[in-house]
Structure formats: C-alpha cells, structure tokens
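Nothing in this text is a laboratory measurement; each read-out follows from the coordinates by a stated rule. It should be emphasised that the depicted structure is a prediction, and the values quoted were computed from it without experimental measurement. With ideal geometry, Cβ positions are generated from the backbone for all residues, glycine too; neighbour counts draw on all protein chains shown.
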Amino acid sequence: MSCTKVAVIGVGLIGGSFGLCLKDALGDAVYITGLCRTEASMRQAVALGAVDEASTDLAAVVGGADIIYLSPPVLQIVPMVRRILPYLKQGAILTDAGSTKGYLYKAMQEILPPYVHYIPGHPMTGREKSGVSAATKDLFAGKAYVIIDTPDVPPETKDRLMDVLRYTRANFTTLDLAQHDRCAAVISHVPHLAAAGLVTLLNRSGDDLTSCLKLIGGGFKDTTRIASSNADMWADICMTNAKPIADALRTLQDILDNVISAVETGDRQAIHAYFTASKERRDSILLDAAQKFDTN
C-alpha cells in the first residue's frame, strides 16, 4: 500500500483524534503533518502521536498532501484555505469537521480552483474538553459522521476520501446542506445553547446561589456538561448557522411557554403528558438512530 499524506489543520480535540485513529489503523502507511496554534501544542501533537510532523510552515504542512483535514473553528476555515491554496497539489481533497455546512460550502465554491475538491463533512462527536491533550483514537468510533454528497465531486474522489475516513470507525450518513444545518441546530447547537442557559440561570439565582451550589448533583452536571465546551467554536457556529438555530430556539421557546402556562394554571394532566411523551420518545431514539446509519 502506498503512503497517503494527510495534512491536519488545527490539531486539537477533533483534528488530533483524527490523526490518532489513522496512525493507529494505518501506521507507516499514512504520513500526517499538522498545523497547531502554538509551538507547545505542535510539540505535544507529535509527542502524543497525533501527527508525524508539525510545523508553522504552511507549504511544509499541506504541500503534496492527498487529503487536507480542516478542523479549526468554523470562521477560521475559509481564511485558512485562502492561505494554503498556493501550496495545494492538483487533485487534493479538502474536507472539514465544521458544525455548519451551508456557509462553508458557499465560500469554498467561490475560492477553490477546479483542480482541488471539497467534500463537506461533520463528525457528530466531541468532548467538553479541548486541545490535542483531550484527543483520543476512539473519539469517532460509533458516532454519526455526516458527509455532504455534493454533485460537483467525482465519485472516485469521494471514494478516495472515504477509504481514509472509514478508519475512524464512525457511522456515515449523507444529508444535503440545508437539511444538515437544520438537523445540527436541533440535535447539537440548541442543546449547547440550552446547557449554557441553565448555567446562566444558576448564576442568576441571587441570594440562593450558595445554597443551590450545595445541591448540585448528577442531574445538573449531566445536563450542563457541554456548557464547558470551547467558546470560540460555539460562537462561530452560531454566527454561521444563524437562521436554523434561531428557528429551533423559537420552537423551543414555544414549547417552554406551554409548559410555563401549564405549571402556572396547575394543569397536572398537561405536565404529565409532556413528561410521558418525551420519555417515550427518548427511550426509542437511540435504537431508531442506530438503524438509520449506513455503516458500509
């Protein structure tokens, strides 16, 4: 097997985990170069085995790369692509781990030359911790991984990318751009905003704050875990997926308005039905989701 060269731009949690799983599966059959924000994180990425080589020299990182994996915060991706364009070889494949797709796809169509292919991707995984020190080779395993099946990319190019991505052991599925952004808003983006909202609610408990802190247990910790995620990443997501997020938040607001009304009027039947329906649906969700993935 010939050696595949992969360049990872942004060797943090996602980019570092991508590198770790490829090196674990392919060993010397893949050579991974990486770009990090600091010299310290570059040294750490090499020490952890997430990349074979790290550099601040863009030509050294992406020159000759077959696949360029873009995993910085969303608003940093397009400026970075502009910087690396002069060093990309003919036939290079760009893919990304960005949580919003419509914004990126439109920008890429405007700046990429015809000899470079862009295949949007989104691994639906992560942790509340960030940085390459939080990376793990199993981060993608068994998790949803969306590939946007764009008509302008030749099938053989997509196959070349998938031959590498499958080593993540993720569950791959395809969505169109708009559907992805709507679904990501409901499944990922609004839950993060809601988790941050619950922490903000606690902070606004006034004179009760100290007493509330004494009562914190598993329920609050589990529900708000994702509020500890990277603020830069989530601010960028909100800026680049604004309408689907706002639409989903308004729907959630309507749901909570109905709950508030039922609580204030003492409508126990409505509250009971609310909890019953959500319990039954959640209990069936994991099985339903597992059966919808294309694992080939």
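Partners of Lys243 within straight-line reach, counting lysines whose Cα lies under 22 Å from its Cα and excluding those fewer than 8 residues away in the same chain: Lys101, Lys106. Report, to the nearest 10°, how far helix 231-240 tilts away from the longest principal axis of the Cα atoms in the chain, using its own Cα long axis and a range of 0 to 90°. Rounded to the nearest ten degrees, it is 90. Loop-located chymotrypsin sites (Phe, Trp or Tyr not before Pro) in the stretch 88-194 (DSSP state other than H, G, I, E, B) with a sparse environment of at most 12 neighbouring Cβ atoms within 10 Å: Tyr115. For the stretch 106-212, the set of trypsin sites (Lys or Arg not before Pro) satisfying both a DSSP loop assignment and a count of at most 10 other C-beta atoms within 10 Å is given as Arg204.
Sketch the reach of a paramagnetic label on Glu128 as a point 7 Å from Cα along Cα-to-Cβ, and name the residues of the stretch 249-277 whose backbone nitrogen lies under 17 Å away. Under 17 Å, as judged by backbone N against the label point of Glu128, lies no residue of the stretch 249-277. Subtracting the Cα-Cα distance of Ala178 and Asp138 from their residue separation scaled by 0.36 nm leaves 11.5 nm.
What is the stretch 187-290's relative contact order, in percent, from Cα pairs under 8 angstrom and six or more apart in sequence? Once normalised by length, the contact order is 26 percent. Taking a straight line from the alpha carbon of Lys279, these aspartates and glutamates sit under 18 Å away, with near neighbours fewer than eight places off in the same chain left out: Asp222, Asp288. Three semi-axes describe the equivalent ellipsoid of the stretch 4-175; taken as square roots of 5 times the Cα gyration tensor eigenvalues and ordered largest first, they are 22, 18, 15 Å.
Within the stretch 1-60, the trypsin sites (Lys or Arg not before Pro) that combine a DSSP coil assignment with at most 15 other C-beta atoms in a 10 angstrom radius are Arg37.
Each label was represented as a point 7 Å from its Cα along the Cα-to-Cβ direction; for Asp257 and Thr56 these points are 5.3 nm apart.
Here the stretch 191-225 is scanned for amide nitrogen atoms under 19 Å from the site 7 Å beyond the Cα of Phe275 along Cα-to-Cβ, giving 217-223. Helix 74-84 and the longest principal axis of the Cα set of the chain meet at an angle near 10°. Return the tail of the calculated pair distribution for the stretch 187-290, meaning the percent of Cα-Cα pairs more than 22 Å apart. Tail of P(r) above 22 Å: 49 percent of Cα pairs.
Measuring between their Cα centroids, the stretch 193-263 and the stretch 77-142 lie 28 Å from each other.
Relative to its residue count, the chain spans a Cα convex hull of 151 Å³ per residue.
Per-residue ellipticity at 222 nm computed for the chain from its helices equals -16000 deg cm²/dmol, with DSSP H segments shorter than 4 residues left out and the rest contributing -39,500 (n - 2.57).
Of all aspartates and glutamates in the structure, those lying under 13 Å Cα to Cα from Lys137, and not within fewer than 8 positions of it along the same chain, are Asp24.
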